[in-house]
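Presented below is the structure to which this report refers.
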Amino acid sequence: MELKVSFWGVRGSKPTPGKSTIQFGGNTSCVQIEAGGKNLIFDAGTGIAELGNKMMMVKGKKEGDIFFSHLHWDHIQGLPFFTPLYCPGNQFRLYGEDKEEIKFQEVINKQMNSPYFPVTMGMMKADYEFMNIKPNQVIDLGEDIIIKTFEVNHPNGCLSYKVEKADSSVVYSTDTEPMKGQRRKDFLEFIRGTDILIYDTHFTDAEYFGTGGYENKIGWGHSTWEEGTRISKEADIGYLILFHHKENRSDKEQREIELSAQKEFKNTIAAKEGMVITIGGEPFEKVVIRNPY
Ligand SMILES: [Zn+2]
Ligand SMILES: [Zn+2]
């Protein structure tokens, strides 16, 4: 197996626990990719807390590279509850983009300052360092793993990531508004031919463009499932994974969206908490998707 992708949080904007969201899950963005013995984590929404609990069940040193797409609450608010960061001997690198007005490290530190949280980052006793990254960067993590970054259109900015190992690849592209002209063309090149595209499908086209009685959501920084299927066809994607589900979208509504999307692009799956995808492992199928139930 070259890449193993696990979904710990698939929801956008805010956590939505409750009966109507139990199938797809209510935790906010967190995706883990295991490759070549490395533990890569994309975003620290509330889903990262349960990932941390699972990591703590295994004895020995915990390590990981945590990549932040951006610093909106739904992508950082799980970090104070990520237990492995509190334990001496563990080792983590936190990757994010510094802005002119504020450094990535400051934002992460500040969310744990008094009175927002009772303990500060100074009480996290693992060995961790902050890594400032930029759009269009290529990061060589060793073990044949390459990470590439691409800046997408979102308020306050946001990075998409592509993880490559041998001939397998995954793109993590959340919080992105459909791009026009040259940037959309560049994005299509960034994702072209990838095995798995995890993509922000927060809205429907009707919600986004404001047809059928909805108020438009242009400028809110999110894409649609219809755009997901369009780019998947245009860029020869293996599987499209609908992600960053709208906060109040019920399981029933989300399943309807998944079925509609499959009619447009057959290899479409809506991300579920607990879903695991392996790439490059099985003898007959390159990509295997296992649902939690
Ligand atoms: Zn978000
Ligand atoms: Zn955002």
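The values are calculated or read from the model by the stated rules, or taken from the named source; none is laboratory data. This structure is a prediction, so every number in the text was calculated from the model and none was measured. No Cβ is skipped: glycine too gets one built from the backbone with ideal geometry, and neighbour counts run over all protein chains shown. SASA here: full protein model, heavy atoms, side chains in, ligands and nucleic acids out. Shrake-Rupley method; radii C 1.70, N 1.55, O 1.52, S 1.80 Å.
Being open to solvent by 30 Å² or more (accessible area, probe 1.4 Å), modelled with pLDDT of 95 or more, touching a Phe, Trp or Tyr at 6+ places or on another chain (Cβ under 9 Å) and assigned to a helix (DSSP H, G or I) is true of residue 233.
Among all residues of region 211-223, there is at least one that is modelled with pLDDT under 95, aliphatic (A, V, I, L, M) and not in a strand (DSSP E or B).
Per the listing 83, 46, the residue uniquely without any contact (Cβ under 8 Å) to a residue 40 or more places away in the chain, touching a Ser or Thr at 6+ places or on another chain (Cβ under 6 Å), open to solvent by less than 60 Å² (accessible area, probe 1.4 Å) and polar (S, T, N, Q) is 46.
Only one of the numbered conditions (1) away from ligand 2 (no atom under 14 Å from the Cβ); (2) open to solvent by 10 Å² or more (accessible area, probe 1.4 Å) is violated by residue 41, and that is (2).
Taking the conditions exactly as written (open to solvent by 30 Å² or more (accessible area, probe 1.4 Å), within 16 Å of ligand 1 (Cβ to nearest atom) and either basic (Lys, Arg) or without any contact (Cβ under 8 Å) to a residue 24 or more places away in the chain (or both)), does residue 164 satisfy them or not? No, not satisfied.
Condition check for residue 209 on (1) among the aromatic types (Phe, Trp, Tyr); (2) in contact (Cβ under 8 Å) with a residue 60 or more places away in the chain; (3) open to solvent by 50 Å² or more (accessible area, probe 1.4 Å): one failure, at (2).
Return the residue satisfying two criteria in turn: it lies in region 136-161 and is within 16 Å of ligand 1 (Cβ to nearest atom) and among the small types (Gly, Ala, Ser), and of such residues it is surrounded by the most Cβ atoms within 10 Å (Cβ to Cβ).
160
Taken as a whole, region 23-37 holds at least one residue that is at pLDDT below 95 and either surrounded by fewer than 23 Cβ atoms within 10 Å (Cβ to Cβ) or assigned to a loop (DSSP other than H, G, I, E, B) (or both).
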